[in-house]
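Read-outs throughout are calculated quantities, based only on the coordinates presented, and are distinct from any laboratory measurement. Remember, predicted model here, so these are calculated numbers, not experimental data. Please note: Cβ atoms are built from the backbone with ideal geometry, for glycine as well, and neighbour counts cover all protein chains shown.
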Amino acid sequence: DAGITQSPRHKVTETGTPVTLRCHQTENHRYMYWYRQDPGHGLRLIHYSYGVKDTDKGEVSDGYSVSRSKTEDFLLTLESATSSQTSVYFCAIRLAGATDTQYFGPGTRLTVL
Amino acid sequence: GENVEQHPSTLSVQEGDSAVIKCTYSDSASNYFPWYKQELGKGPQLIIDIRSNVGEKKDQRIAVTLNKTAKHFSLHITETQPEDSAVYFCAASKSTDKLIFGTGTRLQVFP
């Protein structure tokens, strides 16, 4: 998993509660990404980061915020979780240099009741 | 924006047969096309990728072809084995930041 860990791996929460998912990498990669995976939709980009404190929105960013205060950690926050945010969330990194290749972490399964 | 369609959604083959998965993209400026394999409970793993300046790329039993004129690309797996059973995703990108994924193909290889 290219040195990527995600925590927690599983979480069940209730509608309206805040939730933070963590992506941690050990290899000093500059670019990090958050995706969600839902049946029939493949993987969709939520937010991404191109450096400490530098983030941008993806195609499904509504209801999500991110923070990156240090290179190794990229946090995804659901300020007030809704049932539509029940999904599997994947973090990815991109290798520096000419390659466009993204490598994915093991995922976090989030259930919002 | 870019849109990627992937077919079929499920594919069943006998061990030893070939499997082909096809994707089409909408943005002619897309220039990078990776394929990922996802096993149950795991994250997607890159298996092969191709860039727009190349028409075909092979890696052992796996090959990818790209037709820029028709805006489609395909994954070919030869001599399939039970361990090839997984969900496969194609993706397209015209920048290094935004991969647009297809909806996935569940491949089952029967012994």
* **Three-way shape label, the range A:59-113, alpha-carbon gyration tensor, a/c 1.5** => prolate
* To do: Convert each backbone phi in the range A:52-64 into a coupling constant with the Karplus relation 6.51 cos²θ - 1.76 cosθ + 1.60 (shift: θ = phi - 60°), then list the ³J(HN,Hα) values in order as whole Hz, x for Gly and Pro.
  => 4, 6, 10, 9, 8, 8, x, 7, 10, 8, 4, x, 10
* Asked: Between A:Thr17 and B:Val20, what is the spin-label point distance in nm, taking each point 7 Å from the Cα along the Cα→C-beta axis?
  -> 5.0
* Asked: Taking the Cα atoms of the protein assembly as shown, what is the range of coordinates along each of the three principal axes, in descending order and whole Å?
  -> 49, 37, 31
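Going by how many other Cβ atoms sit within 10 Å of their own, how do A:Asp62, A:Asp100, A:Asp56 line up, fewest first?
By the 10 Å Cβ count, ascending: A:Asp62, A:Asp56, A:Asp100.
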* Radius of gyration and Dmax over the Cα atoms of chain B, both given in Å -> 13.3, 41
* Ascending count of other beta-carbon atoms within 10 Å, so fewest first, for B:Tyr32, A:Tyr48 -> B:Tyr32, A:Tyr48
* Structure fact -> Diffing the range B:18-31: the Karplus 3J(HN,Hα) column from phi (6.51, -1.76, 1.60, θ = phi - 60°), in whole Hz with x for Gly and Pro, holds 9, 10, 10, 10, 10, 9, 10, 10, 9, 9, 5, 7, 4, 9
* **Rounded D (µm²/s) - chain A, Kirkwood Rh over Cα pairs, Stokes-Einstein at 37 °C, 0.692 mPa s** => 236
